[in-house]
């Protein structure tokens, strides 16, 4: 057997799943999912099942907002912005400080002000990062920008984790310090008991805000001029320049929008847990949201949403069985899905034209 | 209108344009013909500021173009219809046209311009909400021309509008090019299809490996024995 034949027989095996008709694929995936869900219900009961489902949707919403930013930025400049999780952290801290200030001054609607303020400030930081770190590398090999993104991520984490006592004057007003701080209770928590399932107003709020932001994003991308320009820039930058589209502006706005979603997510996350552990807190949500974006098909906005909810729900289920399972399940799902669908759940597999 | 003086462009060690100079006057159709690799597209891409020249100057309506960023050229009145058309595949025909009006605020005039394109190309109107990638080559070329027209350019740079099209479609495209020119748009046309190009153009330049070897009124160039031998056969 020649080398070519071997590789083609491997390809055949890999493609066996691809060749199944669509309904069989979906039936296969649904059967596996249903099997695990049935197993869960038989062990823990239907009430625990719905409780975890609600918790999972909440977590999924938080992931979804981060994943949307990842996917948007990847879609337009093919860059995986590893600093996304740290901007999520930045957004959470900004809303913590502003929240404390507003609460101390008895402001009427602190939450909505905090949310919008943190989205705007974080978006500005993100756009600045894009200008300083990514723009000079735009037409350089992709790996350079990727490594830079990792560098930006490490910089943000470690810079904001410096303790104020250890740094000179102007900086000590900016850094957050490594210690954990409490997040102000911007919304008085109320718990409702619906058929034995505990749902609080914060959970409902998170899901509602996520849905509003997703609809807003879909509207921007599909209907507005800037959204059309985003899709055009993603397709071909030279043609955009020839048509008079300022691609720097379009990319900058894309970063702004994607990163403001991460900031919103950070605020909602902090509101849920009521505390900020340290400036390193963005690492794991950022990574998991990245996995969710890949799971759904990176560059694909509905895919990022679907992937995030799959991740959030399965993570809460796994955690409820054993608290150590939560982190691993993300990677297990990722590997399983990528083996069967290398382009992600909703991603299209495009062959590169040579 | 457009003056190019001593333009030098290199890709690394390879000199693509070796100090060419030419001129496009208002209202003209000027064609640059030449074989593959003669530097035709490079010339257009340099005018559009997608490539930085090593040397030389480009002036448009007495304004130096070199420091102007590529995306501001449309505002000055230069539209570039690229080689291979480069239609935005995942966007609809209508969205493709709309994007060419980027930066303009006059909504009524924009609608008029779009309608004008749809009148000129009824086929595009039929396919208004179809994705760009589903269009045939001819339709894509119409759309590419349409994008150039919507931009309300004073000068249109056309890069091989006949590439890969059936002869009948080529006739169609050239009919439109003539019409656009008659309405007052100056055209700089780059072509391999020397027959068609020399037929519509007023003046022609022949480019060979980065040098202009011949220039003059199109009908004279078409009669030149060298051109007949090399391009018209």
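The values are calculated or read from the model by the stated rules, or taken from the named source; none is laboratory data. Small disclaimer: the values here were computed from a predicted structure and weren't measured. Note that we place each Cβ from the backbone using ideal geometry, even for glycine, and neighbour counts take in every protein chain shown.
Residue count for the range B:40-63 satisfying the condition of being surrounded by 14 or more Cβ atoms within 10 Å (Cβ to Cβ), away from chain A (no Cβ under 14 Å) and touching a helix residue (DSSP H, G or I) at 6+ places or on another chain (Cβ under 9 Å): 5. Number of residues in the range A:242-260 that are part of a loop (DSSP other than H, G, I, E, B) and in contact (Cβ under 8 Å) with a residue 12 or more places away in the chain equals 1.
Against the definition (assigned to a helix (DSSP H, G or I) and either touching a strand residue (DSSP E or B) at 6+ places or on another chain (Cβ under 6 Å) or more than 15 Å from residue A:63 (Cα to Cα) (or both)), how does residue A:310 come out, yes or no? So residue A:310 does not fit the description; no.
For every residue, the table says whether it meets (1) more than 30 Å from residue B:62 (Cα to Cα); (2) at pLDDT below 90.
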residue	(1), (2)
B:103	no, yes
B:106	no, yes
B:109	no, no
B:134	yes, no
B:147	no, no
B:158	no, no
B:164	yes, yes
B:174	no, no
B:181	no, no
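When residue B:107 is tested against (1) closer than 19 Å to residue B:180 by Cα; (2) within 13 Å of another protein chain (Cβ to nearest Cβ), only condition (1) is not met. Filtering the range A:247-258 for residues that are more than 30 Å from residue B:52 (Cβ to Cβ) and either at pLDDT 90 or above or surrounded by 24 or more Cβ atoms within 10 Å (Cβ to Cβ) (or both) leaves a non-empty set.
Just one of the listed residues (A:182, A:143) is loosely packed, with under 14 Cβ neighbours inside 10 Å and in contact with a strand residue (DSSP E or B) (Cβ under 9 Å, 6 or more places away or on another chain), and it is A:182.
The set of residues from the range A:212-225 being out of contact with any helix residue (DSSP H, G or I) (no Cβ under 6 Å at 6 or more places or on another chain) and either without any contact (Cβ under 8 Å) to a residue 40 or more places away in the chain or not in a helix (DSSP H, G or I) (or both) comprises A:212, A:215, A:216, A:219, A:222, A:223, A:224, A:225. If you go through the range A:119-158 and keep only what is more than 22 Å from the chain's Cα centre (by Cα) and either free of Cβ contacts under 8 Å to residues at least 24 places away in the same chain or at positive phi (or both), you end up with A:132, A:136, A:137, A:139, A:140, A:141, A:144.
Suppose we keep only residues that are surrounded by 13 or more Cβ atoms within 10 Å (Cβ to Cβ) and more than 21 Å from the chain's Cα centre (by Cα) within the range A:199-223. Which one would you say is nearest to residue A:54 (Cα to Cα)? Looking at the filtered set, the residue picked out is A:199.
Of the helices (runs of 4 or more DSSP H) lying entirely inside the range B:11-130, those containing at least 2 residues that are touching a residue at least 24 places away in the same chain (Cβ under 8 Å) and more than 19 Å from residue A:240 (Cα to Cα) span B:107-120.
Need the failing condition index for residue B:95 against (1) modelled with pLDDT of 90 or more; (2) closer than 23 Å to residue B:169 by Cβ; (3) within 10 Å of chain A (Cβ to nearest Cβ), just the number. The one condition residue B:95 does not meet is (2).
Does the range A:257-264 contain at least one residue that is farther than 22 Å from residue A:117 by Cα and within 19 Å of the chain's Cα centre (by Cα)? No: zero hits. Checking each residue in the range A:226-241 for being facing chain B (nearest Cβ under 8 Å), free of Cβ contacts under 8 Å to residues at least 12 places away in the same chain and assigned to a helix (DSSP H, G or I) picks out A:228, A:231, A:235, A:238, A:239, A:240, A:241. Annotation note: of A:203, A:222, the sole residue that is modelled with pLDDT of 90 or more and within 14 Å of chain B (Cβ to nearest Cβ) is A:222. If you go through the range A:125-140 and keep only what is assigned to a helix (DSSP H, G or I) and surrounded by 13 or more Cβ atoms within 10 Å (Cβ to Cβ), you end up with A:125, A:126, A:127, A:129, A:130, A:131, A:133, A:134, A:135, A:137. For the range B:162-178, indicate whether the set of residues that are touching a residue at least 60 places away in the same chain (Cβ under 8 Å), under 29 Å from residue B:10 (Cα atoms), surrounded by 14 or more Cβ atoms within 10 Å (Cβ to Cβ) and within 17 Å of the chain's Cα centre (by Cα) is non-empty. The answer is yes, given that some residue of the range B:162-178 is touching a residue at least 60 places away in the same chain (Cβ under 8 Å), under 29 Å from residue B:10 (Cα atoms), surrounded by 14 or more Cβ atoms within 10 Å (Cβ to Cβ) and within 17 Å of the chain's Cα centre (by Cα). When residues of the range B:64-84 are filtered for being more than 17 Å from residue B:3 (Cα to Cα) and more than 9 Å from every other protein chain (Cβ to nearest Cβ), how many remain? Of the residues in the range B:64-84, 2 are more than 17 Å from residue B:3 (Cα to Cα) and more than 9 Å from every other protein chain (Cβ to nearest Cβ).
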